[in-house]
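The values are calculated or read from the model by the stated rules, or taken from the named source; none is laboratory data. In this text, all values refer to a predicted model and were calculated from it rather than measured experimentally. For neighbour counting, all protein chains shown are included, and Cβ atoms are generated from backbone atoms with ideal geometry for every residue, glycine included.
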Amino acid sequence: MDKSKYITIDEKSIYLPIDNEAFEIGTLLTDFLELDLTDFQNSVERIKQYNTNDMNKVIKNNGRFQRGYAPILLQIDNSMSDKEKYVRIALHNALKATEHPYAYEVEYSSLTNIEYTKLFDIFDLVKLQKEYRAAVNDCLLKQDEKDNFNPLERYLNYSHELNGKAEIVYTVSNDLTLCEEYIASDISSLLYLEFMKMLQYNVFVRKCENCGRLFAVRGNYNKKYCDRRIYGTSKTCQEIGATNSFKNKMLKDPIIGEYQRAYKRLYARKRTGKITKEELDLQIKKATLLRDKAVAGSLELQDYIDQITKI
């Protein structure tokens, strides 16, 4: 096999053959667990229901068997029936539509001699998602800093069996580093490989306190938010979470709390016509000056409270 097909792993990252793209260990697995597989499953059901005539029409209309297309499919050759060719094409397209990198890393050549109906079981992503979500929750999920977390101990006591096969190849890089490289023939093996590397390198998972989805965390790093973009915005959960955390912290600070109450009182007076816009601006400047002195420590807290409550 061409070396460009190998998946390289070190203690921090997984390097995939497509553009040698690197992903932090745990990221691909947790992203897989959060995939919405509704469209994929609907596609699979449609494939199963198509009859031979429907398949022949699709094949002829789309010209799927032109030279150059076959190498990237689930190993199609002319000895296969049209029905088998169609199933492999349609299943391949459904896999790619998930837009998950692991769909691109399967080594399809090892699937050449597999009876095509068995491919539905091999690529049952819904079943895989359920199995690995359960394994991650039981073995790798860390609730909080007080959690007596030992992933290897949890895995040894895990009652369900995970299956995956990945051929390992050791190579020496130009800088004389020993590299672990793998070949996997299905997504199950890729998930299994990454899961085991998470156990090996102490990578655990948490639920994002903003979006509720699982994300990977390394070592003892106290991270509460994932780095996924929030739909419809340019912000990530980490960015939004950090901002909200700062705001909540400030609101709990007695200095900021008294300032916010004074600010609201002043605007209420302005709305009811008890003070003018000029008086509002003057009083806010006084409150701000008192706040800044208290924050800087040049004004005792009780003195600050006594003065700002009179504004």
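Of the numbered criteria (1) outside the structural domain of LYS12 (by TED's automatic domain parsing); (2) more than 17 Å from the chain's Cα centre (by Cα); (3) under 23 Å from ILE7 (Cβ atoms), the one TYR102 fails is (2). Each residue in segment 206-231 was checked for being closer than 20 Å to ASN148 by Cβ, among the aromatic types (Phe, Trp, Tyr) and surrounded by 20 or more Cβ atoms within 10 Å (Cβ to Cβ), and 0 of them qualify. Going by the structure shown, is GLY257 at pLDDT below 85 and small (Gly, Ala, Ser)? Against the criterion (at pLDDT below 85 and small (Gly, Ala, Ser)), GLY257 qualifies. Quick check on my filter: what residues within segment 271-310 are of a type in the set (Lys, Arg) and modelled with pLDDT of 85 or more? Within segment 271-310, LYS274, LYS277, LYS285, LYS286, ARG291, LYS293, LYS310 qualify. With respect to the conditions (1) among the hydrophobic types (A, V, I, L, M, F, W, C); (2) surrounded by 15 or more Cβ atoms within 10 Å (Cβ to Cβ); (3) part of a helix (DSSP H, G or I), ILE275 falls short on a single one, namely (3).
Listed conditions (1) touching a Lys or Arg at 6+ places or on another chain (Cβ under 9 Å); (2) exposed (fewer than 11 other Cβ atoms within 10 Å of the Cβ); (3) not polar (S, T, N, Q) are all met by VAL203, apart from (2). Residues that are assigned by TED's automatic domain parsing to the domain that holds ASP10 and closer than 21 Å to VAL44 by Cα number at least 3 in none of the strands (runs of 3 or more DSSP E) confined to segment 112-221. When you look at ILE305, is it in contact with a Pro (Cβ under 8 Å, 6 or more places away or on another chain), in a helix (DSSP H, G or I) and under 19 Å from ASP253 (Cβ atoms), yes or no? Taking the combined requirement at face value, the residue satisfies it.
Per-residue answers, yes or no, for (1) closer than 27 Å to PHE32 by Cβ; (2) in contact with a Lys or Arg (Cβ under 9 Å, 6 or more places away or on another chain); (3) at pLDDT below 70; (4) crowded, with 19+ Cβ neighbours inside 10 Å:
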site: PHE65; (1), (2), (3), (4): no, yes, yes, no
site: MET80; (1), (2), (3), (4): no, yes, no, no
site: VAL87; (1), (2), (3), (4): yes, yes, no, yes
site: LEU91; (1), (2), (3), (4): yes, no, no, yes
site: LYS96; (1), (2), (3), (4): yes, no, no, no
site: VAL106; (1), (2), (3), (4): yes, no, no, yes
